[in-house]
Ligand SMILES: Nc1ncnc2c1ncn2[C@@H]1O[C@H](COP(=O)(O)OP(=O)(O)OP(=O)(O)O)[C@@H](O)[C@H]1O
Ligand SMILES: [Mg+2]
């Protein structure tokens, strides 16, 4: 089997004294989409923080395409081809749309020509192209989410992490975002999609990991989960 | 009439010097949240370095402008070292930063006293700018007009750098959300060193450029630091435009205050600062964060 795009292995993570991730192990294969599910506070964002280097795990390892990145600073992990669309979007509010994208621009890690540039991002999100000189703070929620995705793509990543990209968006916009994710997956990007809502994820995911109180509770695929008729409510709360 | 005209030019000149001094102070405070109390010392250190390079004390004698650039570079390196070795260890601890930078300023003052003694050093006006300009009955030293031009040019360059380049956008991104900036690959820590060094270099440059007007003497640091503080509080920290406008305002208040109410010069100087602190604590042009 080819090396995994992203692998977390035996991760123990703490915020101060509170133990948040317990022996978390999962992997996302190349060009696959892993849906990471779990209810509020399950530790999904913490997995993201650990992966991008914002939180050093106390034990365990993280591999990106076979390279160990555990303990590297965020900017070096970015250089290994990992990009994050963070929960809450966290665009640079006082920068313009263009500046938000330009500051994140980076050539691909493996010497391929850059497939994501201002032009290709604007082609994917024409709304951003129309607002190129607007201050990001004044964009609508949906536009800010597009900007956060565009910013992540400008790094020409090999692994894209998306932390609840549908949060707080109108259904129509959620639909657009999911279409975008589908296109990105078809382009060969390896994606980890964090969500609370399983129905969104089951449509697009190849693999599913469910976290419960900081532990991996389920590793499966959407098809199997549907076939086995597993009661997800036990892990995800009621929807 | 002539009196007022000359006073006005002097005010703008002094405002230009204050801008060179306070732009760095404002950026360092606005971007890195570090109240850098060594800023007056960096100005004085630059002035002493410049005077030394110009005066030929080091066998070599440098042209005024070469000396100014050399002094700025040396002090920029000194600033970078302070940032890397000391301030870097105290992220977010403003009290500790205040104490450390204050401590360094005392050490720099002692060091200067030891090396250059207690007598003021006069620095000659650079050749080419030594003359006077006549405008009707009024006579202006050419150098003062030159200082205004230099300050304006540097203000424009700084604005272009911060507002129109990718580096500038990266610095602003690092201020908006340092963690997220690192996640997208921006080396925030390097940027902060660059900003600190730039601020230190500008202060030193101001020290040399100001030397023919102010001369160089022990205590110059403590004369300049409060002015930088007032400018930044008035203009708003982190705002280049704020430093610019604040510097010009303080340049006028300082010069007119000394000419008209010499006994109340400091009162007149700090009054607008108090008013701004009470009425508009973020300063006239406080950084825009929606
Ligand atoms: N900075 C922090 N300091 C301390 N505790 C934190 C911090 N961030 C998160 N936690 C705690 O860690 C646990 C996991 O949080 P995390 O943000 O990873 O959950 P999540 O699965 O992303 O939840 P949500 O769906 O609400 O985003 C929670 O109990 C949370 O309260
Ligand atoms: Mg979360």
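The values are calculated or read from the model by the stated rules, or taken from the named source; none is laboratory data. Note that the structure is predicted; figures quoted are calculated from it, not measured. Reconstructed Cβ throughout: ideal geometry from the backbone, glycine too, with neighbour counts over all protein chains shown.
For this structure, a couple of remarks:
- Residue match in segment A:149-169 (condition: in a helix (DSSP H, G or I), modelled with pLDDT under 95 and surrounded by fewer than 19 Cβ atoms within 10 Å (Cβ to Cβ)): no
- The one condition in (1) away from ligand 2 (no atom under 16 Å from the Cβ); (2) touching a strand residue (DSSP E or B) at 6+ places or on another chain (Cβ under 6 Å); (3) closer than 24 Å to residue B:190 by Cα; (4) outside any loop (DSSP other than H, G, I, E, B) that residue A:70 fails to fulfil: (4)
- Residues being within 9 Å of ligand 1 (Cβ to nearest atom) and out of contact with any strand residue (DSSP E or B) (no Cβ under 7 Å at 6 or more places or on another chain) - total across segment A:2-30: 3
- Single condition residue A:211 does not satisfy, out of (1) buried (at least 22 other Cβ atoms within 10 Å of the Cβ); (2) more than 20 Å from residue A:84 (Cβ to Cβ): (2)
- When A:82, A:121, A:69 are checked against the criterion of being away from ligand 1 (no atom under 16 Å from the Cβ), closer than 26 Å to residue B:162 by Cβ and touching a helix residue (DSSP H, G or I) at 6+ places or on another chain (Cβ under 7 Å), a single residue qualifies: A:121.
- Candidates in segment A:154-182 are the residues that are farther than 19 Å from residue A:35 by Cα and in contact (Cβ under 8 Å) with a residue 40 or more places away in the chain; of these, the one that is farthest from ligand 2 (Cβ to nearest atom) is A:156.
- When residues of segment A:31-63 are limited to those that are touching a residue at least 60 places away in the same chain (Cβ under 8 Å), more than 9 Å from ligand 1 (Cβ to nearest atom) and within 14 Å of another protein chain (Cβ to nearest Cβ), the one farthest from residue A:12 (Cα to Cα): A:52
- A single entry from B:102, B:115 fulfils the requirement of being within 22 Å of residue B:62 (Cβ to Cβ), part of a helix (DSSP H, G or I) and touching a residue at least 60 places away in the same chain (Cβ under 8 Å): B:115.
- Residue within segment A:35-42 that is closer than 27 Å to residue A:110 by Cβ, in contact with a strand residue (DSSP E or B) (Cβ under 7 Å, 6 or more places away or on another chain) and more than 11 Å from ligand 2 (Cβ to nearest atom) present: yes
- Where helices (runs of 4 or more DSSP H) fall wholly inside segment B:188-290, the ranges with 1 or more residues that are within 14 Å of chain A (Cβ to nearest Cβ) are B:188-214, B:240-260.
- Residues in segment A:128-142 that are surrounded by 15 or more Cβ atoms within 10 Å (Cβ to Cβ), in a helix (DSSP H, G or I) and more than 13 Å from chain B (Cβ to nearest Cβ): A:128, A:129, A:142.
- Number of positions in segment B:173-184 that are crowded, with 22+ Cβ neighbours inside 10 Å and at the interface with another protein chain (Cβ under 7 Å from one of its Cβ atoms): 5
- The single condition from (1) within 16 Å of ligand 2 (Cβ to nearest atom); (2) closer than 17 Å to residue A:26 by Cα; (3) under 18 Å from the mean Cα position of the chain (by Cα) that residue A:212 fails is (3).
- Screening A:91, A:62 for residues that are in a strand (DSSP E or B) and modelled with pLDDT of 95 or more leaves exactly one candidate, A:62.
- Only one entry of B:99, B:145, B:167 meets the criterion of being under 30 Å from residue B:11 (Cβ atoms) and within 22 Å of the chain's Cα centre (by Cα), and that entry is B:145.
- Within segment A:71-95, residues that are facing chain B (nearest Cβ under 8 Å) have Cβ atoms under 7 Å from residues that are assigned to a loop (DSSP other than H, G, I, E, B) and within 16 Å of ligand 2 (Cβ to nearest atom) in these pairs: A:74/A:54, counting only partners at least 6 apart in sequence or on another chain.
- Filter result for residue B:77 (surrounded by 16 or more Cβ atoms within 10 Å (Cβ to Cβ) and modelled with pLDDT of 95 or more): no
- Filtered residues of segment A:77-98 (kept if under 17 Å from residue B:175 (Cα atoms) and within 16 Å of ligand 2 (Cβ to nearest atom)): A:89, A:90
- Filter result (crowded, with 23+ Cβ neighbours inside 10 Å, touching a helix residue (DSSP H, G or I) at 6+ places or on another chain (Cβ under 7 Å) and on the phi < 0 side of the Ramachandran plot) within segment A:44-56: A:52
- Condition met for residue A:121 (surrounded by 20 or more Cβ atoms within 10 Å (Cβ to Cβ), at pLDDT 95 or above and more than 9 Å from chain B (Cβ to nearest Cβ)): yes
- Looking across segment A:188-206 at every residue that is more than 16 Å from ligand 2 (Cβ to nearest atom) and buried (at least 20 other Cβ atoms within 10 Å of the Cβ), the one that is farthest from residue A:6 (Cα to Cα) is identified as A:205.
- Test: residue in segment A:173-191 that is in a strand (DSSP E or B) and under 15 Å from the mean Cα position of the chain (by Cα): yes
- Residue in segment B:63-73 that is within 25 Å of residue B:213 (Cβ to Cβ) and at pLDDT below 90 present: no
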